[in-house]
1. Springs between alpha-carbon atoms under 10 Å, Gaussian network over the chain: tell me which of 147, 27, 156 tops the mean-square fluctuations.
2. Would you mind telling me the antiparallel percentage of the DSSP bridges in the chain, rounded to 5?
3. Which percent, to the nearest 5, of DSSP beta bridges fully inside the range 1-131 are antiparallel?
4. Read phi for every residue in the range 14-29 and hand back ³J(HN,Hα) as whole Hz from Karplus 6.51 cos²θ - 1.76 cosθ + 1.60, θ = phi - 60°, with x for Gly and Pro.
5. Pairs 29/235; 122/193; 29/209; 90/122; 165/221; 122/165: which exceed 21 Å Cα-Cα?
6. Amide H neighbours of residue 92 under 5 Å, at least 5 residues apart or on other chains, H built in the peptide plane: list them.
7. Taking +1 at the Cβ of each Lys and Arg and -1 at the Cβ of each Asp and Glu, which of 129, 118, 70 sits farthest along the dipole of the range 39-140 towards its positive end, judged by Cα position relative to the Cα centre?
8. Rounded to whole Hz and in sequence order, give me ³J(HN,Hα) for the range 31-40 from the Karplus expression 6.51 cos²θ - 1.76 cosθ + 1.60, θ = phi - 60°, writing x for Gly and Pro.
Amino acid sequence: MLIVQKYGGSSLRNPERIKVLAKRIATLKERKKYSMVIVVSALGDTTDRLLRLSSQVCSDPPQRELDMLISTGEQISASLLTMALCSFGKRAISLTGRQSGIITDNFHTRARILSIDPGRLKRLLEEDNIVVVAGFQGITSESEITTLGRGGSDLTAVALAVALKADRCEIYTDVEGVYTADPKIVPEARRLKRISYEEMLELSSVGAKVLQLRAVEMAEKHNVHLYVASSFNPKRGTLISGRNR
Ligand code: ADP
Ligand code: ASP
Ligand code: MG
């Protein structure tokens, strides 16, 4: 059983949260013996902070340099989570987008994934590593670092699930699934148990950032079922698939 899990920046705010997540991942690995790929986003609001920094040194930074800058956030998360997993006695390794074989076009800051060569990832999984992948990033055929658009770690998770033919793709965030509206703004919003790709596409395209639009498009195209749930508690989340009942 191969499972891809993605943890967003809202779930990785500080060292304590990273340790809690590492413990949770280590326990699941011990109990279920899954092959596990963990995709991570930058800690908290790191990406916004980096963008603010860039605007303090340049009013119109080159897109290539923005990618050099903002791709660093996910690398911090991946290495820290991996260290925490190792401290729990787990065999784990972090990989950048490039090391994961994610090739994109050269549209900096909104690059599209062209192909994935999952060879190294597969070998590491066969050696029973928990593989922690820095989300949101790839590499062009000219070795230029690219990023996949805001919220792009969701896309990394779906794309890896497709490339590895994963049995499950789970997106963990700071709310308990997909709601009828943003639960942080609309208190009476209801959590949906199941939702179709079509309905999710609609929500994402009007700005429900719980799932990046491109990630939903790719999930639909390859019929990858997505499970969105909270990384803070074990309550049931939302299943996104081809039909809604
Ligand atoms: P992550 O850091 O895990 O990627 P995001 O901040 O990108 O998390 O997305 C999760 C946020 O999406 C939630 O905190 C919530 O405020 C917002 N959101 C907007 N619309 C919805 C919706 N319909 N259902 C769930 N969450 C939504
Ligand atoms: N860190 C990136 C962003 O803030 C990617 C992601 O969170 O998925 O957009
Ligand atoms: Mg997100």
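1. 27
2. Details: 10 of 38 bridges.
Among the beta bridges of the chain, antiparallel pairing accounts for roughly 25 percent.
3. Values: 3 of 12 bridges.
In the range 1-131, approximately 25 percent of DSSP beta bridges are antiparallel ones.
4. Computed from phi, the couplings for the range 14-29 are 8, x, 4, 4, 4, 5, 4, 5, 4, 4, 4, 5, 4, 5, 4, 4 Hz.
5. Details: 29/235 19 Å; 122/193 32 Å; 29/209 29 Å; 90/122 18 Å; 165/221 14 Å; 122/165 11 Å.
Long pairs (Cα-Cα over 21 Å): 122/193; 29/209.
6. 130
7. 129
8. So the J values, rounded to whole Hz, are 6, 9, 6, 5, 7, 10, 10, 10, 9, 10.
Read-outs throughout are calculated quantities, based only on the coordinates presented, and are distinct from any laboratory measurement. The shown structure was predicted, so the numbers you read here are calculated from the model rather than taken from an experiment. Every residue, glycine as well, gets a Cβ built from its backbone with ideal geometry; the counts of neighbours run over all protein chains shown.
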